[in-house]
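The values are calculated or read from the model by the stated rules, or taken from the named source; none is laboratory data. Only a predicted model underlies this, so the values are computations on that prediction, with no experimental measurement involved. In this analysis, Cβ positions are derived from the backbone assuming ideal geometry, glycine residues included, and neighbour counts consider all displayed protein chains.
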Amino acid sequence: MSPCIHPSILSADFVNLEAELARISAADAVHVDVMDNHFVPNLTLGLPVVERIQAVSPVPVDAHLMIADADRWAPLYADLGIASVTFHAEAATAPIKLARELRARGSKAGMALRPATPVEPYLDMLTELDMLLIMTVEPGFGGQAFLDLTLPKIRRARAAVEGSGASVAIQVDGGISDSTIARAAEAGADVFVAGSAVYGAADPGEAIARLRASAQEAGGQSAGARSTAG
């Protein structure tokens, strides 16, 4: 698939969210970070605010739930009509059941893994997912540096997706910038969450286009290499 850029509103001005959403109308989706100060040591926003974002956003909403008790709360976000809901594997008791419930309620189902969580225990459920999010920083706060140690996990996930024949996007979130996006794309990611790299730019639309082009070039070269190797 073509690379997708999902700017994170964690780097936006929370007082002017509607205007901040308008600034990223060139994006493929907006990444909405929901944190509860339990699963991660930060508190952002919840259902009522996400509902309003869904109502006014010019692009689809990609909700990333960094919350405890995902089995209970994630379906309520799907009920808002959100395009994609991602829960953390570490916070779900029954991830397959939850992924199926999200799909049944009309959302794409995503599952996220912390940097130290191995991908291998979850490979058998790839067909239950629309997206696998590999965190490239510890979840909780924006502005962290990209963790290169996650690159081998991204490569293993990409190989597993291609081997399974499943249509699963591989998303990366954390430290994505002009200087890191190519490495993540080369490893096999195709959906990129970028916060300050977009919202910190004078022209967010130009930043989105530049990130997308960098990912396209690196991803295309990587796909060609994998094809030749196969």
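Tally the residues that are of a type outside the set (Val, Ile, Thr), out of contact with any Gly (no Cβ under 7 Å at 6 or more places or on another chain) and within 20 Å of residue 173 (Cα to Cα), restricting the search to segment 78-94.
Number satisfying all stated conditions: 7.
Testing residue 20 on (1) in contact with a helix residue (DSSP H, G or I) (Cβ under 9 Å, 6 or more places away or on another chain); (2) without any contact (Cβ under 8 Å) to a residue 60 or more places away in the chain; (3) part of a helix (DSSP H, G or I), one condition comes back false. Which one is that?
Answer for residue 20: the failing condition is (2).
I'd like to check something: does segment 165-182 contain any residue that is buried (at least 18 other Cβ atoms within 10 Å of the Cβ), in a loop (DSSP other than H, G, I, E, B) and polar (S, T, N, Q)?
So far as segment 165-182 goes, yes, one or more of its residues are buried (at least 18 other Cβ atoms within 10 Å of the Cβ), in a loop (DSSP other than H, G, I, E, B) and polar (S, T, N, Q).
Report whether or not residue 163 is more than 16 Å from residue 122 (Cβ to Cβ) and of a type outside the set (D, E, K, R).
On the way: more than 16 Å from residue 122 (Cβ to Cβ): no; of a type outside the set (D, E, K, R): yes.
It is false that residue 163 is more than 16 Å from residue 122 (Cβ to Cβ) and of a type outside the set (D, E, K, R).
Just one of 40, 50 is hydrophobic (A, V, I, L, M, F, W, C) and outside any loop (DSSP other than H, G, I, E, B); which is it?
Working: 40 fails: outside any loop (DSSP other than H, G, I, E, B).
Of the residues listed, the single one that is hydrophobic (A, V, I, L, M, F, W, C) and outside any loop (DSSP other than H, G, I, E, B) is 50.
Please state which one of 117, 86, 136, 93 is hydroxyl-bearing (Ser, Thr, Tyr), surrounded by fewer than 18 Cβ atoms within 10 Å (Cβ to Cβ) and within 17 Å of the chain's Cα centre (by Cα). Explain how you work it out, then say what you get.
Details: 86 fails: surrounded by fewer than 18 Cβ atoms within 10 Å (Cβ to Cβ); 136 fails: surrounded by fewer than 18 Cβ atoms within 10 Å (Cβ to Cβ); 93 fails: within 17 Å of the chain's Cα centre (by Cα).
Going through 117, 86, 136, 93 in turn, just one is hydroxyl-bearing (Ser, Thr, Tyr), surrounded by fewer than 18 Cβ atoms within 10 Å (Cβ to Cβ) and within 17 Å of the chain's Cα centre (by Cα): 117.
How many residues are out of contact with any helix residue (DSSP H, G or I) (no Cβ under 8 Å at 6 or more places or on another chain), in contact (Cβ under 8 Å) with a residue 60 or more places away in the chain and either in a helix (DSSP H, G or I) or of a type in the set (Asp, Glu) (or both) when one looks only at segment 183-215?
Qualifying residue count for the region: 3.
So is residue 145 surrounded by 14 or more Cβ atoms within 10 Å (Cβ to Cβ) and of a type outside the set (Ser, Thr, Tyr) or not?
For residue 145, the condition - surrounded by 14 or more Cβ atoms within 10 Å (Cβ to Cβ) and of a type outside the set (Ser, Thr, Tyr) - is not met.
Out of all the residues in segment 126-133, is one or more surrounded by fewer than 19 Cβ atoms within 10 Å (Cβ to Cβ) and at pLDDT 95 or above? Don't jump to the end; show me each part of the working.
Residues of segment 126-133 surrounded by fewer than 19 Cβ atoms within 10 Å (Cβ to Cβ): 127.
With at pLDDT 95 or above added as a condition, the list becomes 127.
Yes: one or more hits.
Among the residues that make up segment 49-70, is at least one of them closer than 27 Å to residue 2 by Cα and of a type in the set (D, E, K, R)?
Looking through segment 49-70, at least one residue is closer than 27 Å to residue 2 by Cα and of a type in the set (D, E, K, R).
Name the residue, out of 169, 109, that is touching a residue at least 40 places away in the same chain (Cβ under 8 Å) and in contact with an Asp or Glu (Cβ under 6 Å, 6 or more places away or on another chain). Even if it seems obvious, please write down each step before you answer.
On the way: 109 fails: touching a residue at least 40 places away in the same chain (Cβ under 8 Å).
Selected residue: 169, the only one of 169, 109 that is touching a residue at least 40 places away in the same chain (Cβ under 8 Å) and in contact with an Asp or Glu (Cβ under 6 Å, 6 or more places away or on another chain).
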